[in-house]
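These notes are about the structure you will find just below.
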There are 2 protein chains.
Amino acid sequence: MNFLEKRIQQEGSVLDGNVLKVDQFLTHQVDAQLMQKIGEEFAAKFQAKNITKVITIEASGIAPAVFTGLSLGVPVIFARKQKSVTMEDELLCTEVYSYTKKVTSTVSISSKFLTPTDNVLVIDDFLANGQAALGLSELCQKAGATVTGIGIVIEKSFQSGRELLEKAGFDVYSLARIASLENQQVQFLTEK
Amino acid sequence: MNFLEKRIQQEGSVLDGNVLKVDQFLTHQVDAQLMQKIGEEFAAKFQAKNITKVITIEASGIAPAVFTGLSLGVPVIFARKQKSVTMEDELLCTEVYSYTKKVTSTVSISSKFLTPTDNVLVIDDFLANGQAALGLSELCQKAGATVTGIGIVIEKSFQSGRELLEKAGFDVYSLARIASLENQQVQFLTEK
């Protein structure tokens, strides 16, 4: 069990509907030391890939993404779910459905921040059905940028997200892979 | 001019309605190195105050807050504007009006993360009318926690926020204080 899996085992809880609650250190309260370590892991994995930008989606993706950007020494962009009055540039937009929030959001990035020469690392807190990661990849494609990798903090491997992303040709690296949340128990994939 | 003011001078732009756009390094694209330095500044300022928690509000407050939490070695909580299905605990809630987004949001924190023994440092990206900082302070008060300080990345000193917060008795520390955005020019307060 790695450092993150231990933490999930100790502090995560399983709610009805296969929902894993990790609000003690990731999705509401954030353990910055843990995020730093997570950022270092993603950076180590993708170090040789000449990453030029890290992108994520607000809000829970921001903490792991900024530490990844710090370790790689590249800018981080967080896609926005709500348009701010300062977003008056040309926008790249796509629709993302969140199964945990039960809403479809229009997710956008100012087009000036992504160019065809960018090698992008997509970072997100959870991979379940893959909708957020696919949406972010779509924004990159619209900009002509290359998605060089996808780094996920917690993957629900029993849902369809990873398969979907791999079929689309993406290199997916998840720090914790969960095989099952049945009977309120967290079971990790043993082979990694 | 300090490191942040220089960056604002170089990369910020002024939009109609006294709006300062800093989406190159803070509100949309994030410079993680800069955020680390900002976190270290806040930590140095409040080091002696026995801070036990850093709180902020999603989304642009998260990057400066997590680096502050890292430097102080304490957990960071980001208040949420939208209820997630994993937020099934008792919530502390308040209403916050955003002048830049022109919407009122219900902002909430799970009550289990704030206790009467907490000394809280509130961190936010902007201080204009003070509504977000006041809202976060209200959540702390509801929990019986003490707001020990408020750290702001960019203060619009020509708006009412600082006065409001100081009148309420808070120790406000802003890294960049803007005296005026008139004629599309950023003028900083000279005395600091």
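Annotations
- Straight Cα distances below 17 angstrom link residue A:81 to the aspartates and glutamates A:58, A:89, A:90, A:95, A:124, A:125, A:138, B:23, B:58, with same-chain residues fewer than 8 positions distant left out.
- Built from the Cα atoms of chain B, the convex hull projects on average onto 10.4 nm², one quarter of its surface area.
- Label geometry 7 Å along the beta-carbon vector: residue B:37 inter-copy distances in nm: 2.9
- Cβ crowding within 10 Å ranks B:174, A:60 as B:174, A:60, fewest other Cβ atoms first.
- Applying 1/(1 + (r/R0)^6) with r as the Cβ-Cβ distance of residue A:185 and residue B:112 and R0 = 22 angstrom yields a FRET efficiency of 0.45.
- Tensor-based shape of the range A:1-88 (alpha-carbon gyration tensor, a/c under 1.5 rounded, otherwise prolate or oblate): oblate
- Sites listed here are trypsin sites (Lys or Arg not before Pro) in the range A:69-134 whose DSSP assignment is loop and whose Cβ has at most 13 other Cβ atoms within 10 Å: A:83, A:102.
- Long pairs among B:101/B:167; A:21/A:167; B:6/B:142, criterion Cα-Cα beyond 30 Å: B:6/B:142
- Short-range pairs are left out: with C-alpha atoms under 8 Å and at least six residues apart, the relative contact order of chain A is 18 percent.
- At the listed q of 0.09, 0.10, 0.12, 0.15 Å⁻¹, the Debye profile of the protein assembly as shown, built from one uniform point per Cα, gives log10 I(q)/I(0) equal to -0.49, -0.61, -0.89, -1.42.
- Look at the stretch A:17-25: the mean tally of other chain Cβ atoms within 10 Å of its residues' Cβ atoms is 3.
- Three-way shape label, the range B:132-192, alpha-carbon gyration tensor, a/c 1.5: prolate
- Among beta bridges that DSSP assigns inside chain A, antiparallel share in %, nearest 5: 40
- The protein assembly as shown: calculated mean residue ellipticity at 222 nm from DSSP helix runs of at least 4, using -39500 (n - 2.57): -8500 deg cm²/dmol
- FRET efficiency estimate (nearest 0.05) - Cβ-Cβ, residue A:33 to residue B:100, R0 22 angstrom: 0.10
- Averaged over A:28-39, number of beta-carbon atoms from partner chains that fall within 10 Å: 6
- Shape class of the range A:36-130 from the alpha-carbon gyration tensor: oblate, with a/c at 1.5 or above and b/c at least as large as a/b.
Any read-out appearing in this document is the output of simple, stated calculations on the displayed coordinates, not a laboratory observation. The structure displayed is predicted, hence computed values, not measured ones. In this analysis, Cβ positions are derived from the backbone assuming ideal geometry, glycine residues included, and neighbour counts consider all displayed protein chains.
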